[in-house]
1. If residue 129 satisfies every condition in (1) open to solvent by less than 50 Å² (accessible area, probe 1.4 Å); (2) under 20 Å from the mean Cα position of the chain (by Cα); (3) touching a residue at least 24 places away in the same chain (Cβ under 8 Å) but one, which is the exception?
2. Which numbered condition trips up residue 68, out of (1) touching a helix residue (DSSP H, G or I) at 6+ places or on another chain (Cβ under 9 Å); (2) open to solvent by 50 Å² or more (accessible area, probe 1.4 Å); (3) part of a loop (DSSP other than H, G, I, E, B)?
3. Which pairs have Cβ atoms under 6 Å, sit 6 or more apart or on different chains, and link a residue in region 59-75 that is touching a residue at least 60 places away in the same chain (Cβ under 8 Å) to one that is among the charged types (D, E, K, R) and surrounded by 12 or more Cβ atoms within 10 Å (Cβ to Cβ)?
4. With 87, 76, 58 as the choices, which residue is closer than 30 Å to residue 128 by Cβ, in a helix (DSSP H, G or I) and more than 20 Å from the chain's Cα centre (by Cα)?
5. What are the pairs with Cβ atoms under 7 angstrom where one residue, in region 93-118, is farther than 14 Å from residue 133 by Cα and among the β-branched types (Val, Ile, Thr) and the other, located anywhere, is open to solvent by less than 80 Å² (accessible area, probe 1.4 Å) and not in a loop (DSSP other than H, G, I, E, B)? Sequence gap at least six, or different chains.
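The values are calculated or read from the model by the stated rules, or taken from the named source; none is laboratory data. Please read all numbers here as calculations on a predicted model, not as lab measurements. Every residue, glycine as well, gets a Cβ built from its backbone with ideal geometry; the counts of neighbours run over all protein chains shown. Just the protein is used for accessible areas: all its heavy atoms, side chains included, with ligands, DNA and RNA removed. Shrake-Rupley method; radii C 1.70, N 1.55, O 1.52, S 1.80 Å.
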Amino acid sequence: MTRRLRFLPAVLLTAAALAACTAQSVEADDPKPSTSGTTAPSGAPGGTPEGGGLTLADAIKKLPVAEEQRAGYERDSFRHWVDEDGDGCPTRQEVLIAEAVTAPEQGDRCTLSGGSWMSYYDEVEVTDAKRLDIDHMVPLAEAWDSK
C-alpha cells in the first residue's frame, strides 16, 4: 500500500526555500552557518518591507492549511517538455545535457546520442537517456490540489 503525504512535502519544501533565501553571511573559519536566528524574507507572510521578517518557525505557522481541491485539474492544461528559450531543445533534453557526466552529441531537432549520467541516489552510471526520468519537484496534480 502506498501512503501519500499531501501537504507536508510542500511545507518542508517551503521551509527549505525560506531558509536558503535568508542565509546569513558566514565567517571564513566557520564551516556551518547558524540557523537559530533565521528570519523569513520580507515577502514572507508577516514580513515587513524593512526586512524585519519572521522567524522561520513563525513563517511556517502562518502558512494556510486547507482541504485540497481537485476540481478543475486537467493534465492536458499543462504543456509538456516545451522549448521555453527557443533554442530548439525541449526541457527534457536541456536537463539531460546539463546533468550529463559525459556530454551527449546533439543532432537534428535536439536528438541526443551517447553521453552518460550518474545516478545521485545509487551511484550507477546510465548511458541510455531513455532510461532516465526527468520529473517535477512537486507533481502537477499535487501542486493544483494544494493551491
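1. (2)
2. Among (1) touching a helix residue (DSSP H, G or I) at 6+ places or on another chain (Cβ under 9 Å); (2) open to solvent by 50 Å² or more (accessible area, probe 1.4 Å); (3) part of a loop (DSSP other than H, G, I, E, B), the lone unmet condition for residue 68 is (2).
3. Note: pairs meeting the criteria are 68/145; 70/145.
4. Of the residues listed, the single one that is closer than 30 Å to residue 128 by Cβ, in a helix (DSSP H, G or I) and more than 20 Å from the chain's Cα centre (by Cα) is 76.
5. 101/116; 101/117; 102/116
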